[in-house]
1. How large, in percent, is the carbon and sulfur part of the accessible surface of the chain at a probe radius of 1.4 Å?
2. So what's the net charge close to residue 44: Lys and Arg +1, Asp and Glu -1, counting the other residues with Cβ under 9 Å from its Cβ?
3. Relative contact order for the chain using alpha-carbon pairs under 8 Å, separation at least 6, rounded to a whole percent?
4. Give, rounded to the nearest 20 debye, the magnitude of the charge dipole that the chain has about its Cα centre when Lys and Arg contribute +1 at Cβ and Asp and Glu contribute -1 at Cβ.
5. So with the 1.4 Å probe, I'd like the accessible area per residue for the chain, rounded to whole Å².
6. Filter the trypsin sites (Lys or Arg not before Pro) in region 56-88 to those in DSSP coil with at most 14 other Cβ atoms within 10 Å of their Cβ, and list the result.
7. List the aspartates and glutamates whose alpha-carbon lies under 14 Å from that of residue 103, not counting same-chain residues fewer than 8 positions away?
8. In Å, what Rg and Dmax follow from the Cα atoms of region 47-97?
Amino acid sequence: RNTDTAVREYHQDTTPNTYALAQNFPNPFNAGTIIRFDLPQNENVQLTIYNLVGQKIATLIQGVRQAGSYAVNWDGKDERGMTLASGIYLYELRVGQKIQTRKLTLLR
């Protein structure tokens, strides 16, 4: 886990029926936002932030996670700890071969 970006991950031991990536809240956001996702079984997971031209900004989660519901707090900084500019970004959840992507808006 990268120590330059303040990312907090919370896990709840429920077992969801399907994979799900929720819309972040709040959206738009300024100081921080929460990204929620569900895993019905233990899986290798990657949660990544991209800009609109597809450049990776930050990897929030990478590695095996247990089945359950997750909430990840993201502070709107890149992997070097630099504050990002206002704009629209994409967040992508990769679980095995499954990929889900959503947009989020950062307002400074």
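The values are calculated or read from the model by the stated rules, or taken from the named source; none is laboratory data. Everything numeric in this text was worked out from a predicted model, so none of it was measured. Neighbour counts run over all protein chains shown; Cβ positions are idealised from the backbone, glycine included. Surface accessibility is based on the protein's heavy atoms, side chains included, excluding ligands, DNA and RNA. Shrake-Rupley method; radii C 1.70, N 1.55, O 1.52, S 1.80 Å.
1. Values: 2910 of 6170 Å².
The computed percentage sits at 47.
2. +1
3. Contact order relative to length: 33 percent.
4. Numbers: 12 positive and 9 negative charges, 43 e Å.
Its charge dipole is roughly 200 debye.
5. 57 Å²
6. 80
7. Here the aspartates and glutamates satisfying the reach criterion relative to residue 103 are 92.
8. Expressed in Å, the Cα Rg and Dmax of region 47-97 come to 11.9, 34.
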